[in-house]
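Visitor: Take a look at the following structure, please.
The values are calculated or read from the model by the stated rules, or taken from the named source; none is laboratory data. Since we're looking at a predicted model, the values are computed, not measured. Neighbour counts are summed over all protein chains in view; Cβ atoms, including those assigned to glycine, are modelled from backbone coordinates with ideal geometry.
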Amino acid sequence: MTLQDKDQFDPERPAVADDVRQTLGQLEDALIVEILDASPTLRDLADAALWHRGDGDLIAREHRAMSARAEVIIDILAREAEEGFDERPPS
């Protein structure tokens, strides 16, 4: 593994659009831009993904707090899920 490869997986490395897609799945470009505006790290993305999937207790087991950037991402994902739910036609 080269130094560059190591940097690629550094949890404190600033995230880029490809990291958002790989961690959170396919999102609209506008949503990715909004997430990147929070200046998240790879750890922030991973924590937000865990929380969004309902696995936030894994973060607590590591005895660490959720970062403010991860919380912003969680709010964005929650808002998007809520808006998507509201747009579904009634059954």
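Visitor: Residues of segment 22-41 being surrounded by fewer than 15 Cβ atoms within 10 Å (Cβ to Cβ), of a type in the set (Asp, Glu) and within 16 Å of residue 79 (Cβ to Cβ), which ones? Lay out the reasoning, then the answer.
Guide: Of segment 22-41, the ones surrounded by fewer than 15 Cβ atoms within 10 Å (Cβ to Cβ) are 22, 25-26, 28-30, 33, 37, 39.
Applying the additional criterion that residues be of a type in the set (Asp, Glu) yields 28-29, 37.
Within segment 22-41, 28, 37 qualify.
Visitor: Say whether the condition of being closer than 13 Å to residue 20 by Cβ, out of contact with any Leu (no Cβ under 6 Å at 6 or more places or on another chain) and not β-branched (Val, Ile, Thr) is met by at least one residue in segment 46-58. Please lay out each step first, then the result.
Guide: Of segment 46-58, the ones closer than 13 Å to residue 20 by Cβ are 46, 48-49, 52.
Then drop every residue that is not out of contact with any Leu (no Cβ under 6 Å at 6 or more places or on another chain), which leaves 46, 48.
Imposing the further condition that a residue be not β-branched (Val, Ile, Thr) reduces the set to 46, 48.
Yes, segment 46-58 contains at least one residue that is closer than 13 Å to residue 20 by Cβ, out of contact with any Leu (no Cβ under 6 Å at 6 or more places or on another chain) and not β-branched (Val, Ile, Thr).
Visitor: Okay, moving on. Considering 75, 10, 19, 44, which residue is touching a Ser or Thr at 6+ places or on another chain (Cβ under 6 Å), modelled with pLDDT of 85 or more and surrounded by 11 or more Cβ atoms within 10 Å (Cβ to Cβ)?
Guide: From the options 75, 10, 19, 44, the qualifying one is 44.
Visitor: Quickly run through segment 47-72 and pick out the residues that are among the small types (Gly, Ala, Ser) and either out of contact with any Lys or Arg (no Cβ under 9 Å at 6 or more places or on another chain) or crowded, with 19+ Cβ neighbours inside 10 Å (or both).
Guide: Here is the first cut: in segment 47-72, the ones among the small types (Gly, Ala, Ser) are 48-49, 54, 56, 60, 65, 67-68, 70.
Of everything in segment 47-72, those that are among the small types (Gly, Ala, Ser) and either out of contact with any Lys or Arg (no Cβ under 9 Å at 6 or more places or on another chain) or crowded, with 19+ Cβ neighbours inside 10 Å (or both) turn out to be 48, 49, 54, 56, 60, 65, 68, 70.
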